[in-house]
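First the structure, in the form of structure tokens, and then the observations on it.
The values are calculated or read from the model by the stated rules, or taken from the named source; none is laboratory data. Please read all numbers here as calculations on a predicted model, not as lab measurements. Cβ atoms come from the backbone with ideal geometry, glycine included; neighbour counts cover every protein chain shown.
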Amino acid sequence: MSMLYDGAIQDLIEEFNKLPGVGPKSAQRLAFHVLQADPDDVSALAQALVEVKRRVRYCETCGNVAERELCAICEDARRDGSIICIVEEPKDVMAIERTREFRGLYHVLGGAIDPMRGIGPDQLRIRELLGRLQSDQIEELVIATNPNVEGEATATYLTRLLLPLGVTVSRLASGLPVGGDLEYADEVTLGRAFEGRRVLTA
């Protein structure tokens, strides 16, 4: 990105440009929005950024975002502890929760297998998942990785790893667009995919 401005405004544009999905033009628009905004609003934004880094952590059980040791879902005694939905990122938990179709627990991998970026199974929270399976209570694992190349590779790896353990393993049904992300799927499509999930076999 070429330098168009000097000093603080250029620094802000460059920081916005580092955010995912924010290109140079969007970064410039955001920077000028901040420049023209009410100082109280800018202070509130800055404080929210500081607070999220200070207070938010990852749930010790599932890897979802939390402000305590456990996230609200893991703490909820009304959830069905016999079924765990495996997702790539915390944002996928929120996408599934919006459907109101799933009442079990989650396990967040922290990404997907992607050899091109040097991400293998050891970089994901798979060991922690296997640790959770020591509980006799778990009867089914739903693999809900993204329907793209990396998500499918992760699902295939997990299926081969988990099936010999004697637990039922299912995968979200079609209805999700291949190459897409759960985060952007609408509630109806994602809900139907949950209802039509299939059990995987060797």
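Couple of notes before you dig in:
- Residue in region 113-131 that is under 18 Å from the mean Cα position of the chain (by Cα) and closer than 25 Å to residue 192 by Cβ present: no
- Residue check for residue 138: touching a helix residue (DSSP H, G or I) at 6+ places or on another chain (Cβ under 8 Å), assigned by TED's automatic domain parsing to the domain that holds residue 181, crowded, with 21+ Cβ neighbours inside 10 Å and among the aliphatic types (A, V, I, L, M): no
- Residues satisfying the stated conditions in region 114-128, i.e. among the hydrophobic types (A, V, I, L, M, F, W, C), closer than 19 Å to residue 85 by Cα and in contact with a Gly (Cβ under 9 Å, 6 or more places away or on another chain): 124
- The one condition in (1) in contact (Cβ under 8 Å) with a residue 24 or more places away in the chain; (2) touching an Asp or Glu at 6+ places or on another chain (Cβ under 9 Å); (3) surrounded by fewer than 21 Cβ atoms within 10 Å (Cβ to Cβ); (4) assigned by TED's automatic domain parsing to the domain that holds residue 194 that residue 124 fails to fulfil: (3)
- From the options 89, 15, residue that is surrounded by 11 or more Cβ atoms within 10 Å (Cβ to Cβ), among the acidic types (Asp, Glu) and under 30 Å from residue 135 (Cα atoms): 89
- Residue in region 69-85 that is over 24 Å from residue 193 (Cα atoms), touching a strand residue (DSSP E or B) at 6+ places or on another chain (Cβ under 8 Å), without any contact (Cβ under 8 Å) to a residue 40 or more places away in the chain and not assigned by TED's automatic domain parsing to the domain that holds residue 179 present: yes
- Members of region 159-180 found to be under 16 Å from the mean Cα position of the chain (by Cα) and modelled with pLDDT of 80 or more, listed by number: 172
- Taking the listed residues 27, 8, the one that is loosely packed, with under 11 Cβ neighbours inside 10 Å and more than 26 Å from residue 97 (Cα to Cα) is 8, with no other qualifying.
- With respect to (1) farther than 18 Å from residue 181 by Cα; (2) out of contact with any strand residue (DSSP E or B) (no Cβ under 7 Å at 6 or more places or on another chain); (3) in contact (Cβ under 8 Å) with a residue 24 or more places away in the chain, the lone exception for residue 104 is condition (2).
- Residue identified as touching a helix residue (DSSP H, G or I) at 6+ places or on another chain (Cβ under 7 Å) and either assigned to a loop (DSSP other than H, G, I, E, B) or not polar (S, T, N, Q) (or both) among 52, 34: 34
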